[in-house]
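Below you'll find the structure, written out as structure tokens, and then a few comments.
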Amino acid sequence: MPPRKKQRTIDAAPSIGVNTPATTQRVTRAASKAKTQAATAHASARRSKTTTKKEEGTSKRVILKGRLRSLPDFALEIQLEIYSYLEPRDLHHLSRTCKKFRAFFLNRKMNESLWTQARKNADNLPECPPFMSEPAFIHLLYSQNCHFCGAPNVRSVLCSYFTRVCSACYPKVTTWNTDASSAAYKIDPKRYPNESPPGLHHIFLSGVGCVYDYFDLLRNRRVPDQRSDRIPTTAVETVLQRYEALEKPITLDARREFFKTLRDEFTLRSKYARSIESWLDQCEGQRWAALDDAREQRFEAICARLRESEWSPELEFMGTAGLNTMSNLPVVRQSSKLTEGAWRKVMVVLEPFLEETRAKRLRAEQHAAFRARFAALEDVIASHCVTIPRKAHMDCRPQYIDLAFVPEIRAIIDVPTSQAVTAEHFADIVPRVVENWLAERKQTLTDYIRPHLGKVDVDVDPLTLAISVFACKDLRYGVSLTRYPAIFAPHYNLEASNPYYDDEIGFRAEHARKERVLSEEHCDVYTRLTKTAHWSSRELETRDSGDTSAVWYFRKPFSLDRLTGEEWLAASVVRRMRDIVSAVGLDPARATLDDLENCDVWLRCAACEASYPDASIKAFSWRGAYSHVDEAHRSGWSLAGDAVPQKKPVPPEWKRADAEDMAKVYAHLQEASWNYNTPWSCTQCPTFDARTNDMQKHLKDVHEFDGNVSQARQDGLVYLHPSWYESGAMSLKYHTQIVLREAVRPTAW
């Protein structure tokens, strides 16, 4: 007798917090059936809900799965009618949803009614190769999985072999063409010099014969490369097996027929491979375009939210470069839609970037405010020192950097950026401060140069003497720039100041590493802004992102620090000027610069003419004579003799140019023209300076003067800017030294 069946029981749920023994409850067939029916009804009720209905009070769409599970059970005619409106991509996706769909769509009998019809619904789809089935061809086009390991997101397609392969499988399923050639050589080492290709192994090598083109669609290089010059292993094995299957012995005709077959196969495959490759490239371009559109929409959404927040000023300050930098951040560059959760993640990354941008904006605003205030200060200084007609000595005045640290001036400038500062705030203070500054600097220069001048009469101002010259070995200025009062003139620079260039040199220049000059422990905010007020906004941005170890140029108040410890050089240049003044026939103890300028005497160097009789003979103005000492009698190289080397410098010996020489000088000066780079100052404008061509245009447009700058100089409309009397300046060289006789023969080194 069989054992009695056990009754179905369920455990009663124990009461929480009460220690009671578990009890069992008998379950009858009727109760079990009722429970199953209730669960089925509940599931049917849930499935009966529409997928477009939205929950009340929310914006989420109810997603219900399994809506197409009964589609395979429809009548075949209905299914075919539905599928006739779909494209191959849709059929491919359906075939991957369940086993029923897969069996249905991969049925070879349904190719004509399903896949062929679906291909007609698609636009610009490449033609299916005759050696591939429709489902396999669509799988190659739309499936993003590796054909060997199934890895997702594989976009590398070997079009010539109609397969997708991932980077991990590529070296495993392919063979280096050199190895394939070696394997072919072992099978058939024979060579046929008059045939193409000459040997079996040549079909796997590049550049020999034409059968190698069978594999050439995979390889893009003619230089052997073991990483990229590879062939699918199955293709190599198939070719070798087919060759070995030829009837032995292999005749020349059989060999030719074999290679002809390979060429024909290549021709057929390449036709479809190129169309597939072109279609895939087009799809990839469309995909990237869609991604770029999505990224742009996401970036615009981020910018819109930032404009509505506290970061709107930073967004406006960024400009094109800053926006490009922000758009390239990984969290911003995503193509997904910007949701509330995504926005919170974006702000976690963006806040440090925006904080840095805010700091730059505040620095730029502060820099712009100080720059405008210093410009107003410069205008007040110019209005006090310059009158019309403007003279050269009026340009030799203090600059904003000289007065910026005067307590009264600093109290006006060093106020919050929200407070307006105009020229009226400086009008009452600047005249007194300027006069005090000029008096103090004049006394400083007198105390420095007086010991080197020798005996000077009491009624003579030492600074007005022609021999009073200030020089420094690391300054490349000429004699006129380094004398009083031209020493106060700013170094001429028509272009925007750039701290990278040596244009910012002189007695107001400071060059050092940025990390030392601009660090908090070396100077306060006011000092840093004052030293860099001449920088443009672009240079300020470059400074923020530049190398801290690089040498930068800053401005500082006028100082003779560069002359400290170089008194020997000051004595040397004073002696040089004393010799020149004596040579032109003036008294060095009383002759002034005006006397020297008005003295119509040119000099010749007798020492150079005696040492190098075959060299060219030159006449020098007093400026040219000063430069000649540097060029020929100080550096050890005689430029007077076309750079003839000399072991020991020879001291110059000056003699006056005679009447015949002066006639040549006058003729040359009449024909000589000023260099286009020469700076000029307009006597009719308080601050206008320009190069030669720009100055001529200014004179014509503003002052209705049609002549050149030489005529304008004679008429008193322009004068050479005081800072441009540099000894080696090309614009003055033709006016300070004249060749009286060319060299007799080229001088050998």
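Things to note:
- The portion of the accessible surface of the range 69-110 made up by carbon and sulfur, rounded to a whole percent, is 55 (1.4 Å probe; DNA, RNA and ligands excluded).
- The range 237-289, Rg to Rh (Cα coordinates; Rh as Kirkwood inverse mean 1/r): 1.31
- Net length gained if the chain between Y526 and D253 were fully extended (0.36 nm per residue, minus Cα distance): 88.9 nm
- Computed extension gain for R307 through D73, at 0.36 nm per residue and net of the alpha carbon distance, reaches 78.7 nm.
- Above-threshold pairs, the threshold being 28 Å between Cα atoms, out of K99/K172; K172/K260; K100/K120: K99/K172; K172/K260
- Residues in the range 314-337 reached by a label modelled at A368 [backbone nitrogen below 14 Å; 7 Å Cα→Cβ]: 314-320
- Between the range 302-376 and the range 377-403, the alpha-carbon center distance in angstrom: 41
- Approximating the spin labels as points 7 Å out from Cα along Cα→Cβ, the D630-to-V456 distance works out to 2.3 nm.
- A cut-off of 5 Å between modelled amide H atoms, ignoring neighbours fewer than 5 places along the same chain, links T163 with L158.
- Rounded accessible area of K697 (nearest 10 Å², 1.4 Å probe): 120
- Stretching the chain fully between L291 and A151 yields a gain of 48.2 nm (0.36 nm per residue, less the alpha carbon separation).
- Cross-linked pairs K186/K248; K391/K655; K442/K556; K664/K697; K391/K442; K442/K531: Cα-Cα separations exceed 22 Å for K391/K655; K664/K697; K442/K531.
The values are calculated or read from the model by the stated rules, or taken from the named source; none is laboratory data. Remember, it's a predicted structure, so these values are computed and weren't measured experimentally. Every residue, glycine among them, receives a Cβ derived from its backbone with ideal geometry; neighbour counts consider all protein chains shown. SASA here: full protein model, heavy atoms, side chains in, ligands and nucleic acids out. Shrake-Rupley method; radii C 1.70, N 1.55, O 1.52, S 1.80 Å.
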